[in-house]
């Protein structure tokens, strides 16, 4: 699991943000989930694989799972899987996680029934279930927060190779995936916590200039809480925001991102410039350009002094193992 995934999951450990993500992105702003009714649940499952005398155990873990209760009654389980990269097996993964949760619930009921032993007939004894026993429904949501557009499957059927004019196709039982795409813009007015400010900047990660302009238009970025500031810093690759955080803290204890936007934009410009310098050097090395030719181009196209051009050439040619 990557650093950005860890940062996102840490941010969503807060019950109010977790509820806000689902209420805003899944239910369009309708307050379906009450954060006061959320409880943590273990998301660890153990599968057994029997082979002769050997029994192998395989552990699986969910990213986040919460139990929703009302007046002490468990109504449902909601799980979250965060993805920084596109996973082309995601619908099947979600289905497997859900199945493991149902099997876990089944084992709990069967153990309890086995201790009591009050089966009414052979069918109940065979299954370990009473006719009236019920499982708690589980809903898995995938939060994709990568930079590249999601081009993976949205349902189990998208992973299948169906034959043309296959009569069995209508019998296939699909498993659609609940996908939240943070890489593209959504209705941010549907959110009620600072999660809105975090999600709103993610589609701008490819263009720092647009991100700067967006943030400067929004007053909310003048009063960010520390958790949201840290999450934005990690998710947008802007570590300097944390290094200088105390400089932008106001009397109320919140943080003003507006003041940091100029240096943030210039960091992006400088990164782009470095990428251009590196590309020029490597392209010319591949084409067999001489040392003098490359240095002249660096001075001409990037306005570098002879000394700086020499430094870049030595640095990037050494990285490629082709000194000139």
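Bear in mind these aren't lab numbers, they're just calculated from the coordinates by the rules spelled out. These numbers come from a predicted model, not from an experiment. All Cβ positions, even for glycine, are placed from backbone atoms using ideal geometry, and neighbour counts span all protein chains on display.
Miscellaneous remarks
- As a proxy for reagent exposure, ranking 277, 38, 74 by other Cβ atoms within 10 Å from fewest up yields 74, 38, 277.
- With Cα atoms, 0 to 90° folded angle of helix 226-235 axis to the chain main axis: 70
- Taking only the Cα atoms of the chain, the ratio Rg/Rh comes out at 1.11, with Rh defined as the Kirkwood radius.
- FRET efficiency for residue 127 and residue 163, using Cβ-Cβ distance with R0 set to 22 Å, rounded to 0.05: 0.05
- Nearest-0.05 FRET efficiency for residue 32 and residue 112, computed from C-beta distance (R0 35 Å): 0.70
- Relative compactness, the stretch 71-133, computed as alpha-carbon Rg over 2.2 N^0.38 Å: 1.56
- Binned Cα-Cα distance frequencies in the stretch 194-256 - 5 Å width, integer %: 4, 19, 31, 30, 15, 3, 0
- Cα-based convex hull volume of the stretch 176-229 per residue, rounded to whole Å³: 101
- Ranking of 97, 119 by count of other Cβ atoms within 10 Å, fewest first: 119, 97
- Nearest-ten-degree value, helix 208-217 long axis tilted from longest Cα axis of the chain: 70
- Potential extension, residue 219-residue 190 segment - 0.36 nm per residue separation minus Cα distance: 8.7 nm
- Mean-square fluctuations from a GNM of the chain, with a 10 angstrom spring cutoff on Cα atoms, peak among 34, 87, 70 at 70.
- Sum of -39500 (n - 2.57) over DSSP H runs of 4+, divided by residues of the chain (222 nm, nearest 500): -13500 deg cm²/dmol
- Taking each residue as 0.36 nm, the span from residue 318 to residue 119 lengthens on full extension beyond its C-alpha to C-alpha distance by 64.1 nm.
- Three-way shape call for the stretch 83-176 based on the alpha-carbon gyration tensor, with the a/c threshold at 1.5: oblate
- Two-decimal Rg/Rh across the stretch 101-141, once Rg and the Kirkwood Rh are taken from alpha-carbon atoms: 1.04
- Stokes-Einstein diffusion coefficient of the stretch 120-219, Kirkwood radius over Cα pairs, 10 °C, 1.306 mPa s, in µm²/s: 87
- Taking label points 7 Å from Cα along the Cα-to-Cβ direction, residue 3 and residue 173 give a separation of 4.5 nm.
- Considering every alpha-carbon pair of the stretch 137-189, the percent of pairs per 5 Å bin, from zero through the bin containing the longest distance, is 4, 15, 19, 19, 14, 12, 10, 4, 1, 0.
- Rule-of-thumb Rg ratio for the stretch 3-181 [Cα; 2.2 N^0.38 Å; N residues]: 1.21
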